[in-house]
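J.: First the structure, which I've put down as structure tokens, then a few questions once you've had a look.
The values are calculated or read from the model by the stated rules, or taken from the named source; none is laboratory data. Just so it is clear, the structure is predicted and the values come from calculations on it, not from any experiment. When we count neighbours, we look across all protein chains shown, and the Cβ atoms used for this are built from the backbone with ideal geometry, even at glycine.
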Amino acid sequence: MNQIYLGGAITGLNPNQYRGWRDEIAHNIEMATKRVWHCFDPCEHLNEFGEVITPEESLAYDLDHLRHSRLMIASFEFTDKSTGTLIELGVAHENKIPIVGYNPDGFDLHPWVKAICQHVCLTQEGLYQYLCDHYLNEV
């Protein structure tokens, strides 16, 4: 199975802000690809007993999943509040994992962020089209 890592701000946001875009994108990608592609959602930090894992466990768990992904989608909504997203971007770049940005508010991104992204999309429709044209149909 091909995994897509869904990176973006979580800390300090309400569930709709950090899960809404992830849930919609993951559902659409998994249905469109008949589950050949799976989206990893780092918002889900429960062990098999339903206990929340520690921040250290979360860091190791998330970065392990990122390193084993074929692609990263990075939402740039609320990233001014998210050190974790910037670390994830650096790890993806260092591991040569393509990064496709999602920037629906059209924020002016730092030049380094722009440089490490394969492409930055402003709409979900544009994101799906780009993913289909360049990644999702390659398997």
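J.: With respect to Tyr130, determine if the residue is surrounded by 16 or more Cβ atoms within 10 Å (Cβ to Cβ), aromatic (Phe, Trp, Tyr) and over 14 Å from the mean Cα position of the chain (by Cα).
T.: Taking the combined requirement at face value, the residue satisfies it.
J.: Then there is this: List pairs: first residue in segment 11-32 and touching a residue at least 12 places away in the same chain (Cβ under 8 Å), second residue loosely packed, with under 15 Cβ neighbours inside 10 Å and of a type in the set (D, E, K, R) anywhere in the structure, Cβ distance under 8 angstrom, at least six positions apart or on different chains.
T.: Thr11/Lys81; Gly12/Lys81; Leu13/Lys81
J.: On to the next question. Going by the conditions given, is Glu88 within 22 Å of Asn28 (Cβ to Cβ) and either surrounded by fewer than 21 Cβ atoms within 10 Å (Cβ to Cβ) or of a type outside the set (Phe, Trp, Tyr) (or both)?
T.: Yes; evaluated as a whole, the condition is true for this residue.
J.: Please enumerate the residues belonging to segment 59-83 that are closer than 22 Å to Ile29 by Cβ, part of a helix (DSSP H, G or I) and aliphatic (A, V, I, L, M).
T.: Answer for segment 59-83, where residues must be closer than 22 Å to Ile29 by Cβ, part of a helix (DSSP H, G or I) and aliphatic (A, V, I, L, M): Leu63, Leu66.
J.: Additional query: If the requirement is being touching a strand residue (DSSP E or B) at 6+ places or on another chain (Cβ under 9 Å), modelled with pLDDT of 95 or more, more than 18 Å from Cys132 (Cα to Cα) and of a type in the set (D, E, K, R), which of these qualifies: Glu77, Glu94, Glu88?
T.: Glu88
J.: What number of residues within segment 84-121 are part of a strand (DSSP E or B) and either within 12 Å of the chain's Cα centre (by Cα) or closer than 18 Å to Thr11 by Cα (or both)?
T.: Of the residues in that region, 4 qualify.
J.: Hey, among His38, His68, which residue is at pLDDT 90 or above, closer than 25 Å to Leu136 by Cα and in contact with a helix residue (DSSP H, G or I) (Cβ under 7 Å, 6 or more places away or on another chain)?
T.: Criteria check complete, one pass: His38.
J.: Inspect all residues belonging to segment 15-25 and state whether any of them is part of a loop (DSSP other than H, G, I, E, B), modelled with pLDDT under 90 and touching a Phe, Trp or Tyr at 6+ places or on another chain (Cβ under 7 Å).
T.: No: segment 15-25 contains no residue that is part of a loop (DSSP other than H, G, I, E, B), modelled with pLDDT under 90 and touching a Phe, Trp or Tyr at 6+ places or on another chain (Cβ under 7 Å).
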